[in-house]
1. Grab the alpha carbons of segment A:362-404, take their convex hull, and tell me the volume per residue in Å³.
2. Peptides A:155-163, A:204-212, A:34-42: what's the order by average Cβ count within 10 Å, highest mean first?
3. Please compute, for peptide A:383-394, the average count of beta-carbon atoms on other protein chains lying within 10 Å of each residue's beta-carbon.
4. Classify chain A from the C-alpha gyration tensor, please: rounded if a/c falls under 1.5, else prolate or oblate depending on whether a/b exceeds b/c.
5. Would you kindly state how much longer the chain becomes between residue A:531 and residue A:4 on full extension, computed as 0.36 nm times their sequence separation minus their alpha carbon distance, in nm to one decimal?
6. Given the Cα-Cα distance of residue B:27 and residue B:50 and 0.36 nm per residue of separation, how much length would full extension add, in nm?
7. Which residues' amide hydrogens lie under 5 Å from the amide hydrogen of residue A:30, considering only partners 5 or more residues apart or on another chain, with H built in the peptide plane?
8. Compute the FRET efficiency between residue B:9 and residue A:206 as 1/(1 + (r/R0)^6), taking r as their Cβ-Cβ distance and R0 = 56 Å, and round to the nearest 0.05.
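Throughout, read-outs are computed from the coordinates displayed, never taken from laboratory work. Nothing here was measured: the structure is a model prediction, and the numbers come from that model. Methodologically, a virtual Cβ is constructed for each residue, glycine included, from the backbone with ideal geometry; neighbour enumeration extends over all protein chains shown.
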Amino acid sequence: MTALERIDGVPVWRAVGATPGPSVANEKAGVVIVGAGPVGLTMALDLARRGRPVTVLNQLAFVAAGSKAICFAKRTLDVWDRLDVGEKMVAKGVSWNVGKVFHGGSGEPIYTFDMLPVKHQKMPGFINLQQYHVEEILLEALAKFECVDLRWGHQVVGVEPRDDSATLQVRTDGGDYVIDADWVLACDGSRSPVRNMLGLDFQGRVFEDNFLIADIRLKDKRPAERWFWFDPPFNPGGSALLHQQPDDVMRLDFQLGWNVDREACVRPENVEPFVRGMLGDVAFEPEWYSVYTFQCRRMESFVHGRVVFAGDSAHLVSPFGARGCNGGVADVDNLGWKLDLVLAGQAPEGLIASFDYEAVVTADENILNSTRSTDFMTPKSGASQAFRSAVLDLARSHSFARPFVNSGRLSMAVAYPSSPLSTPDESDAVWAGVAPGAVALDAPVANGWLLEALAGGRFVLLHQDASLDVTEGITVLSLQAIGDPEGLVSARYDLQPGSAYLIRPDQYVAARWRRPTQALVEAALRKAMGKY
Amino acid sequence: MAGLNLEPNIARPDDIYDRLVALHAGLDDTQSAVVNSKLVLLLANHIGDEAIIRQAIALARELGD
Ligand SMILES: Cc1cc2nc3c(=O)[nH]c(=O)nc-3n(C[C@H](O)[C@H](O)[C@H](O)COP(=O)(O)OP(=O)(O)OC[C@H]3O[C@@H](n4cnc5c(N)ncnc54)[C@H](O)[C@@H]3O)c2cc1C
């Protein structure tokens, strides 16, 4: 049905070819990343930009095609922009902010939402972009770094953890070799061989449902919006979803139920009626048809000595909400600066434990949201079914019921209100703005955007007219120096004269003061670096 | 904090009870469940206060078991 070549059943987007094995039998490395999916590649880029040598081992010798992630959230775009690939992603992707939910055969949405309620930010609420394009853009950026050693066709087949390192056994076509790493970052996907080889848990729920994905090529201008249907005439009793992608590709997604013949479902003669039911009598070409099921699960802990898990290897969610890859990029954002400070000897190894804490908070919020969406989409009991029918009926004519409609709560940055790295506000301070443990909000500044000014990979002290001596290891930014042409920085941060924010290298707020002093700033900095 | 009101609060209880039962006339169990759900959602939204709603949810299950 498609011209895509396959290797071991996996469709190929671009063949790269295997990298020869190393010349020495026993190698030593600082950081080894297992896996070159979007999470492993983003991890490599984050560390490379900090000047850290990284070795990336990828079992495949090609960039895979097929139907995987397409929806990338604003926070992910902010992270990629910090890594200088955000603008490329947006330029190639289809930007969207609006989602519409339909019920039955009516062409009027019962619910509409906006993923970017706060305007005047650099990045859009969401883009749609095929995962292979994302990987290609990351690969192109990585190619500029000599400190990155990316090896294709190198499969990790053994892990031996120790207190201060881990040994990996790697298989290539040319034979096996061994590599000793100070740190192993396991970004090896949902079936994580590293996790399995270490015998680690992966607890959670499997959902009894199947979804058909039809990625098709169709020249047809439609609004760049997310359209979702409950119980449409072309899939009675089920749901359906439509997204626009670049290159005139559309993603159509149909809920099929549990007891289906999965092989029969992807045959063109069975897919096409769904496509025409949704889009009318259009001429289109298939790109890729597949059926998937999903699970929500996570490891109990993501840090196991010197082996750290990030992305799908650590946590899995249902796709409704686009929290999979977006959640994985959040891991990278959180881990990169911490590992860098530990490697530099500036922070204690305990800082990595705060990654475990914060990434688990994020994973739990993502799992909670995607589980709730799944339960709304596939009610598991008579009562659940009745509540859903009630919500969908009421939503037609009563606005109060619309926020209950759950077609996926889409990925947003997660806050860590109780993070051990955050310093609470002064007890008498009254604040609007961005609380400690929450991510910085973008706003226009004189020469661009606030998040660009916070993208230097260091701690930043953002203040208005506070008289403070400079503390080592912190970049000081005054509102006056960056400029606040529309007054939105001071408004969004409630940054009154004399106030200051300490912002982490991952753009999360560590602390803020109405009456900052050098001693307070230094104490908060120590805490945020895990010296508590 | 004003909690969930558990004292009698409806002037003509028989009238309201009658209406609650009559609401389901001619409906099968599935339809009844939907109608009841709508009623719960309408009242919950009117109340709005999450603490009160949570208290009512907890109590409903406790008394029912
Ligand atoms: C149908 C579908 C739609 C989705 N849509 C979205 C979406 O819109 N938005 C979103 O955010 N997420 C989405 N997701 C989830 C998203 O695809 C994943 O979360 C994402 O791919 C995870 O990235 P990763 O890098 O952790 O893992 P992967 O992409 O799985 O990459 C793992 C890498 O590890 C390598 N590897 C595995 N084993 C070894 C080994 N032993 N040695 C060396 N290398 C190894 C693999 O070759 C691969 O390169 C979707 C998923 C599906 C199935």
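1. 68 Å³
2. Descending mean neighbour count gives A:34-42, A:204-212, A:155-163.
3. Neighbouring Cβ atoms belonging to other protein chains average 5 per residue here.
4. oblate
5. Fully extending the segment from residue A:531 to residue A:4 adds 184.5 nm.
6. On the way: separation 23, 0.36 × 23 = 8.28 nm, distance 3.09 nm.
Here the segment from residue B:27 to residue B:50 would lengthen by 5.2 nm.
7. A:182
8. On the way: r = 46 Å, r/R0 = 0.81.
For R0 = 56 Å, the calculated efficiency reads 0.75.
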